[in-house]
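Some notes on the structure that comes next.
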Amino acid sequence: MRRGLYISGIGLSLDAMIGQVREAADAGLDSAFLSQLTSWDALAVLAIAAREVPGVDLGTAVVQTYPRHPLALAGQALTVQAAGGDRLTLGVGPSHRQIIEGQFGYSYDRPVRHIREYLSVLRPLLRGEAVDHHGETVSASGRVDVPGAKAPSVLLSALGPVMLRVAGELADGTVTVWTGPEAIADHVRPAITRAAEEAGRPAPRVVAAVMASVTADPEGIRRGVAERVGFAAQLPSYRAMLDRQGKSGVHETVLAGDEESVARAVRRYADAGTTELLVNPLGDERERARTVELFASV
């Protein structure tokens, strides 16, 4: 199982984000992934990181599809590839109705149809092929020319059975959040693998993002998560995954405790079939450093 650092970017300066990418490389981690929120542009930051920090793969987890036309996103992604020597994993997803309609003002109608059409257009564009697609939710005509850039691996944020089937058929894998090892072993891994096999595609990647802290106060860490991002449990796709796991909130998915307990939790993800685990380290500076050190050594 590969290991990476998950960087939210909230409240961080550009130098701080590049510094965290460098921290991942210096710690010997395999990758550094950035989220795409209403803050820094993840792919623009990764293009800079690609030029400044060698020796670590880069990724997004995830870029929302509805506000970004596939022609535009393909150009951004291939620019990062050209800047960094083809080290990008492009994680994409439809996001949530509350965000797409409430913040962006776009319709969230038929998200599964949207993702099928979006990936059917995006993948050939990333390969430098011309497209002429006029569908129900996506229309695109043209191609993207970025000399020397290879098509990046594409992951789809997928938690439910329908989206996991789409990920297996049309993407290179999935990236999950708020998902424990049991849910990966019993639900995510079997569903996406079956879909990939039926579509004649290679074994899919299963990338999981987790919050973690090596700390003497695990309940304090979890309380902090509940206070800051507990609202995420009300988003339908996250609520369904939490219910599947018998958890009341996202704070219950946090890996927190001493080195031994966190290391056991990390190994359970590997045993479950996770191909890459991304850690968002929590706590004060010392706790965060201990978490990254442990994560790199497991």
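Only residues in the stretch 203-217 that are touching a residue at least 24 places away in the same chain (Cβ under 8 Å) and farther than 30 Å from GLY168 by Cβ count as the first member; pair them with residues that are among the small types (Gly, Ala, Ser) and open to solvent by 10 Å² or more (accessible area, probe 1.4 Å), Cβ under 7 angstrom, at least 6 apart or cross-chain, and list the lot.
SER213/ALA256; SER213/GLY283; THR215/ALA256; THR215/GLY283
State all residues of the stretch 159-194 that are at positive phi and open to solvent by 10 Å² or more (accessible area, probe 1.4 Å); if no residue qualifies, say none.
TRP178 - this is the single residue of the stretch 159-194 that is at positive phi and open to solvent by 10 Å² or more (accessible area, probe 1.4 Å).
Return the total of residues in the stretch 29-38 being more than 14 Å from PRO281 (Cβ to Cβ) and surrounded by 14 or more Cβ atoms within 10 Å (Cβ to Cβ).
The qualifying residues number 5.
Which residues, counting only those in the stretch 81-93, are touching a residue at least 40 places away in the same chain (Cβ under 8 Å) and either touching a helix residue (DSSP H, G or I) at 6+ places or on another chain (Cβ under 9 Å) or among the small types (Gly, Ala, Ser) (or both)?
Scanning the stretch 81-93 gives GLN81, ALA82, LEU88, LEU90, GLY91, VAL92, GLY93.
Would you mind finding the one in ALA265, ALA240, ALA270 that is under 20 Å from the mean Cα position of the chain (by Cα), of a type in the set (A, V, I, L, M, F, W, C) and closer than 22 Å to GLY160 by Cβ? Before you say what the answer is, go through the steps one by one.
Values: ALA265 fails: closer than 22 Å to GLY160 by Cβ; ALA270 fails: closer than 22 Å to GLY160 by Cβ.
Just one listed residue meets the conditions, ALA240.
Inside the stretch 235-298, counting only helices (runs of 4 or more DSSP H) that do not spill past its ends, which hold 3 or more residues that are open to solvent by less than 20 Å² (accessible area, probe 1.4 Å) and of a type outside the set (D, E, K, R)?
Numbers: elements: 236-245, 259-271, 285-297.
Fully inside the stretch 235-298 and qualifying: 259-271, 285-297.
Considering only the stretch 50-92, how many residues are open to solvent by less than 10 Å² (accessible area, probe 1.4 Å), among the β-branched types (Val, Ile, Thr) and not in a helix (DSSP H, G or I)?
Residues meeting the conditions: 6.
For the stretch 1-46, which residues satisfy the criterion of being among the acidic types (Asp, Glu) and in a helix (DSSP H, G or I)?
ASP15, GLU23, ASP26 - these are the residues of the stretch 1-46 that are among the acidic types (Asp, Glu) and in a helix (DSSP H, G or I).
The values are calculated or read from the model by the stated rules, or taken from the named source; none is laboratory data. In this text the structure is predicted, and so the values were computed from the model without any measurement. All Cβ positions, even for glycine, are placed from backbone atoms using ideal geometry, and neighbour counts span all protein chains on display. Quick note on the areas: whole protein, heavy atoms, side chains included, nothing else; ligands and nucleic acids left out. Shrake-Rupley method; radii C 1.70, N 1.55, O 1.52, S 1.80 Å.
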